[in-house]
Amino acid sequence: MTPVLPFAPRTAPPKLALAVPAGPPPPAGWPVVVFVRGGAPAHAAMGRYLAERLPAEGFAVAEVHFGPAGLPDVTAAVQWLRAHRTTPALDPDRFAAWGHAEGGHLAVLLAVSGGVQAVVAWSAPSDFSRLPPNTPFDTAATSPLTRVTADAAPLLAVHGTADDVVPIAQSETLVSTYWQMGADAEFRWLDDVGHAYGLRTREAMTTTGLDFLRRQLGAPGANTRGTGNPRGEEN
C-alpha cells in the first residue's frame with residue numbers, strides 16, 4: 001500500500017485520507033472505493049482493515065470522515081477526488097462507495113444521486129423514522145427510499161439478522177425499493193450476526209464486496225485474500 005497526497009485543509013475536504021496500490025496504475029487509473037466512516041470505534045477498525053485490504057486487491061481507497069453536514073461533506077470529498085484524479089491516477093468512471101451503519105446510509109445516498117457507480121452498504125439504515133426508540137441516529141436524516149430510480153448505482157446490502165441497532169428490515173426495505181424501481185441490488189443476510197462485525201465476518205463480507213465491485217466496475221483481477229462462510233460467524 002502506498003499512501004499518497006498529504007491532504008491540507010485548504011486544498012481538500014477535511015478528514016480525507018487516500019491510499020493507492022503499489023506499482024504502476026492501469027491505463028485509465030485505479031478504481032476507487034470511498035469508505036464513508038462513522039464515529040463509532042468499530043468504524044476505525046473497519047477503516048484500517050479496508051485501507052490495507054483494498055489496495056492489496058487493486059483498488060484505491062479514500063477514507064472520508066463526515067461532519068454534521070453529512071451528505072454534502074461526502075459529496076464534496078468525491079468531487080475533490082475526481083478533480084484531482086490525475087495526480088494519484090484515479091479512474092473517474094470507476095468510483096464506488098462503501099460504508100457501515102450511518103456511513104452506509106450516506107454511501108447509498110451517493111449511489112442514488114449519481115455520485116458513484118456502485119455501493120456496498122453494511123447494516124445501513126434506510127428509513128430513520130422506523131428505527132427503534134433511543135436510536136443513536138438522527139431521525140430527521142434524509143431517506144434514500146424516496147430517491148431510488150432505475151438509474152441508481154448497483155447496490156450490495158449486507159445485514160445481520162441479530163442487529164438490534166439497525167434492524168434487518170431496513171436493508172430489506174431498501175433492496176425491495178431498488179427492485180421495485182428496476183434498479184440492480186443484491187442482498188446478503190448474516191445469520192445470528194449483530195450490528196458490529198467480527199473479524200471473520202468482516203473478512204468474508206469484504207471478499208463478497210470486492211467480488212461485487214469487480215462485476216460492476218470491471219476491475220481488477222481475481223481476489224487473493226479473504227475466505228470463509230459468511231453465515232453463522234461470530235459478531
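The values are calculated or read from the model by the stated rules, or taken from the named source; none is laboratory data. As the structure is a computational prediction, the values presented were derived from the model and not from experiment. Please note: Cβ atoms are built from the backbone with ideal geometry, for glycine as well, and neighbour counts cover all protein chains shown.
Of all the residues that make up the range 144-169, how many are of a type outside the set (V, I, T) and more than 13 Å from G104 (Cβ to Cβ)?
11
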Does the range 135-149 include one or more residues that are surrounded by 15 or more Cβ atoms within 10 Å (Cβ to Cβ) and among the acidic types (D, E)? no
Output the residues belonging to the range 150-166 that are surrounded by fewer than 20 Cβ atoms within 10 Å (Cβ to Cβ) and among the small types (G, A, S). A150, A162
Identify the single condition in (1) touching an Asp or Glu at 6+ places or on another chain (Cβ under 9 Å); (2) at pLDDT 95 or above; (3) not in a helix (DSSP H, G or I) that V175 does not satisfy, given that it satisfies every other one. (3)
I'm trying to understand the selection: among the residues of the range 117-133, which are outside any strand (DSSP E or B), surrounded by 24 or more Cβ atoms within 10 Å (Cβ to Cβ) and of a type in the set (A, V, I, L, M, F, W, C)? A124
Criterion (more than 21 Å from A124 (Cβ to Cβ) and either of a type in the set (A, V, I, L, M) or modelled with pLDDT under 90 (or both)) met by exactly one of A17, A45, A62: A17
Residue pairs, Cβ under 7 Å, 6 or more apart or interchain, first in the range 167-179 and surrounded by fewer than 20 Cβ atoms within 10 Å (Cβ to Cβ), second assigned to a helix (DSSP H, G or I). List them. T173/L145
